[in-house]
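Trainee: Okay, handing you the structure first.
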Amino acid sequence: QVQLVESGGGLVRPGGSLRLSCAASGSIFSIILSINAMGWYRQAPGKQREWVAHITSAGTTNYADSVKGRFTISRDNAKNTVYLQMNSLKPDDTAVYYCTSGRGGTFDYTPGSWGQGTQVTVSS
């Protein structure tokens, strides 16, 4: 079982920035076996949950078109932590952001474990 704890959400004005962090913990065997890639999803009010970005253990990344060029995902493998740097935020980015761990390559990703979510609100 892998536990994921997100932090860094909050209220920001349009055009502003936030950085989300997610720390993974659990038995070392579950982490080795479970974590290949890590990623972020989001769910806005009244909308379906959508994939935002993911990063493989090798460091390759992929982004949804809606965030490409504005968001950057990175990871610290030694700390089992993934980050999401969000710049040029828009009101449409308002959502609960979920950290995930799972398996996959650059162009395919299947989450296995989910965090509790952190609220990001973009409003003036």
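Trainee: Taking the stated definitions as given, is Val2 at pLDDT 95 or above and in contact with a strand residue (DSSP E or B) (Cβ under 7 Å, 6 or more places away or on another chain)?
Mentor: no
Trainee: For segment 64-98, enumerate the residues that are under 14 Å from the mean Cα position of the chain (by Cα), surrounded by fewer than 18 Cβ atoms within 10 Å (Cβ to Cβ), free of Cβ contacts under 8 Å to residues at least 24 places away in the same chain and outside any loop (DSSP other than H, G, I, E, B).
Mentor: Thr72, Ser74, Asp76 - these are the residues of segment 64-98 that are under 14 Å from the mean Cα position of the chain (by Cα), surrounded by fewer than 18 Cβ atoms within 10 Å (Cβ to Cβ), free of Cβ contacts under 8 Å to residues at least 24 places away in the same chain and outside any loop (DSSP other than H, G, I, E, B).
Trainee: Which number in (1) open to solvent by less than 40 Å² (accessible area, probe 1.4 Å); (2) assigned to a strand (DSSP E or B); (3) under 17 Å from Arg103 (Cβ atoms) marks the one condition that Ile31 misses?
Mentor: Every listed condition holds for Ile31 apart from (2).
Trainee: Continuing with this model, one more query. May I ask you to list the residues in segment 35-63 that are polar (S, T, N, Q) and either in contact with a Phe, Trp or Tyr (Cβ under 6 Å, 6 or more places away or on another chain) or surrounded by 15 or more Cβ atoms within 10 Å (Cβ to Cβ) (or both)?
Mentor: Passing the criteria: Asn36, Thr56, Thr61, Asn62.
Trainee: Same structure, new question: Working only within segment 5-44, note down all residues that are farther than 21 Å from Asn80 by Cβ and out of contact with any strand residue (DSSP E or B) (no Cβ under 8 Å at 6 or more places or on another chain).
Mentor: Gly15 - this is the single residue of segment 5-44 that is farther than 21 Å from Asn80 by Cβ and out of contact with any strand residue (DSSP E or B) (no Cβ under 8 Å at 6 or more places or on another chain).
Trainee: So, in segment 68-124, how many residues would count as being among the aliphatic types (A, V, I, L, M) and under 17 Å from Arg13 (Cα atoms)?
Mentor: The number of residues fulfilling the criteria is 6.
The values are calculated or read from the model by the stated rules, or taken from the named source; none is laboratory data. Model, not experiment: these values are computed from the prediction. When we count neighbours, we look across all protein chains shown, and the Cβ atoms used for this are built from the backbone with ideal geometry, even at glycine. Remember, those area values only see protein heavy atoms, side chains included, never the ligands or the DNA or RNA. Shrake-Rupley method; radii C 1.70, N 1.55, O 1.52, S 1.80 Å.
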